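Step one of this worksheet: look at the structure below.
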Amino acid sequence: MADLFEAAGLTPHAPSPLADRLRPQSLSEVVGQDHLLGPDGPIGRMAQARRLSSMILWGPPGTGKTTIARLLAKEAGYEFQQISAVFSGVADLKKAFEQARMRRAAGQSTLLFVDEIHRFNRAQQDGFLPFVEEGIVTLVGATTENPSFELNGALLSRSQVYVLKRLDDEALETLLAKAEAHEARKLPLEPQARAALIAMADGDGRYLLTLAETLFNIGTAKPLSVQELGQVLQKRSPAYDKDREEHYNLISALHKSVRGSDPDAALYWLARMLGGGEDPLFIARRLIRMAVEDIGEADPMALVLANAAKDTYDFLGSPEGELALAQVVVHLAAAPKSNAVYTAFKAAQRAAKETGSLTPPAHIRNAPTRLMKDLGYGKGYAYDHDVEGGFSGQNYFPEGMERQVFYRPKGEGVEARIKERLERWAEMRKSRS
């Protein structure tokens with residue numbers, strides 16, 4: 001009688017996925033990471049010298065992190081041992097370290113590969129430190145998350161961080177060619193559909209090979225068009241996690257595109273965020289921030305419109321309300337820019353912190369009681385509306401503090417007129433002092 005494994009098809013004869021069958025057999029066969037693995041790359045040099053340092057491989061899914069670690073151990077003559085932070089606990093780590101210690105006593109070095117290393121908590125990460133320091137293991141951790149945020153500083157200080165690149169179109173085309181050579185047949189795709197398939201992969205080599213395997217398996221009488229390809233394959237959502245680093249990368253890209261007065265790029269990043277499932281009201285809040293930080297008095301209506309876009313989305317919801325966000329993104333990007341209010345307030349905050357005990361001059365203090373009037377509160381105050389030109393030029397800074405200039409208009413948009421008025425008042429103040 002067949003056992004359960006045979007019944008499930010998990011026999012030695014069961015075919016493995018195409019991505020597994022096409023795994024590179026040497027570091028030179030890994031595509032898209034020449035900056036690390038080439039003859040002049042840091043990992044390539046280590047492999048040639050057969051002396052490895054602990055490292056963290058940081059990159060998006062499907063860029064070859066596990067494959068690189070396995071091949072690095074093979075080419076450097078290290079024993080490869082793999083654990084996953086998703087499925088392993090303290091007992092598994094202790095067992096791995098003990099096995100590595102026994103190998104070291106026998107003269108064999110161990111490369112301990114930890115997949116999803118960022119999923120270990122801080123205490124578990126600290127557990128690696130003595131074994132890395134003593135050289136019992138050479139640690140190679142793989143992560144899709146920013147190590148600066150997810151890994152202990154002590155662990156990072158003992159490791160090199162290497163950034164794997166998202167696979168470009170050329171690298172993905174190389175993978176397709178390898179798949180076709182392995183299958184001894186061409187993918188059933190028209191040229192434009194082939195380009196669309198590469199775009200679907202979004203830089204993920206493993207996902208591309210999974211899509212290719214699906215196409216090989218279904219078989220078609222004629223090459224598929226772009227429309228037919230879309231019917232056969234379901235495109236996955238863009239790589240975007242609104243709780244992690246990509247969330248901050250994309251909002252930063254949107255903000256800097258607006259600040260850089262590029263409405264087209266700003267619209268692209270807005271579409272990326274909305275398509276990735278970002279909360280539109282989070283985007284609306286950030287657009288309001290852009291209006292006050294980067295535009296300010298150069299276009300005071302920018303803040304009004306940003307608030308209106310938030311209210312519009314709140315009222316209409318998706319997808320209709322998203323157009324209001326798009327409209328204000330274009331307005332903000334195309335508006336004249338000034339961070340003069342932003343920098344002025346920062347400077348005023350610093351001055352207030354340094355001189356926070358100084359009181360207002362007596363002539364601008366209220367005098368609601370007889371005693372306060374006797375003490376000189378309000379004495380000599382000039383009511384500006386009654387002064388010729390509507391400007392008295394009095395001092396409003398605390399006694400004992402020199403006059404400061406925090407707000408320096410940029411002279412863009414509406415702020416150009418503000419600058420002109422402030423310069424005229426400065427001259428009047430100087431003449432009356």
Enumeration of residues in segment 119-148 that are surrounded by 18 or more Cβ atoms within 10 Å (Cβ to Cβ) and either assigned to a loop (DSSP other than H, G, I, E, B) or free of Cβ contacts under 8 Å to residues at least 40 places away in the same chain (or both)
PHE120, GLN125, PHE128, PHE131, ILE136, VAL137, THR144
Specify which of the listed residues (VAL341, VAL328) is in a helix (DSSP H, G or I), open to solvent by 40 Å² or more (accessible area, probe 1.4 Å) and under 30 Å from ILE295 (Cβ atoms).
VAL341
The helices (runs of 4 or more DSSP H) lying entirely within segment 149-225 that contain at least 2 residues which are crowded, with 20+ Cβ neighbours inside 10 Å are 169-183, 191-201, 205-218
Please find, among ASN395, ASN366, the residue that is open to solvent by 80 Å² or more (accessible area, probe 1.4 Å), polar (S, T, N, Q) and in contact with a helix residue (DSSP H, G or I) (Cβ under 9 Å, 6 or more places away or on another chain).
ASN366
Return yes when ARG259 is modelled with pLDDT of 85 or more, open to solvent by 20 Å² or more (accessible area, probe 1.4 Å) and among the basic types (Lys, Arg) and no when it is not.
yes
In segment 278-301, is there at least one residue being within 23 Å of LYS419 (Cβ to Cβ), among the β-branched types (Val, Ile, Thr) and open to solvent by 20 Å² or more (accessible area, probe 1.4 Å)?
yes
Condition set of a type outside the set (Val, Ile, Thr) and open to solvent by 30 Å² or more (accessible area, probe 1.4 Å), scope segment 302-312, selection farthest from ALA333 (Cα to Cα): answer is ASP311
Residue pairs, Cβ under 8 Å, 6 or more apart or interchain, first in segment 351-369 and farther than 12 Å from PHE397 by Cβ, second outside any loop (DSSP other than H, G, I, E, B) and open to solvent by 80 Å² or more (accessible area, probe 1.4 Å). List them.
ALA367/LYS373
Name the residue, out of GLY413, GLY378, that is at pLDDT 85 or above, out of contact with any Gly (no Cβ under 9 Å at 6 or more places or on another chain) and open to solvent by less than 60 Å² (accessible area, probe 1.4 Å).
GLY413
Filter result for the condition that a residue is under 25 Å from GLN125 (Cβ atoms) and out of contact with any His (no Cβ under 9 Å at 6 or more places or on another chain), over ALA73, ALA85:
ALA73
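The values are calculated or read from the model by the stated rules, or taken from the named source; none is laboratory data. Everything numeric in this text was worked out from a predicted model, so none of it was measured. Because the Cβ atoms are built from the backbone with ideal geometry, glycine has one as well, and the counts that use them run over all protein chains shown. Accessible surface is based on the protein model in full, side chains and every heavy atom, while ligands, DNA and RNA are left aside. Shrake-Rupley method; radii C 1.70, N 1.55, O 1.52, S 1.80 Å.
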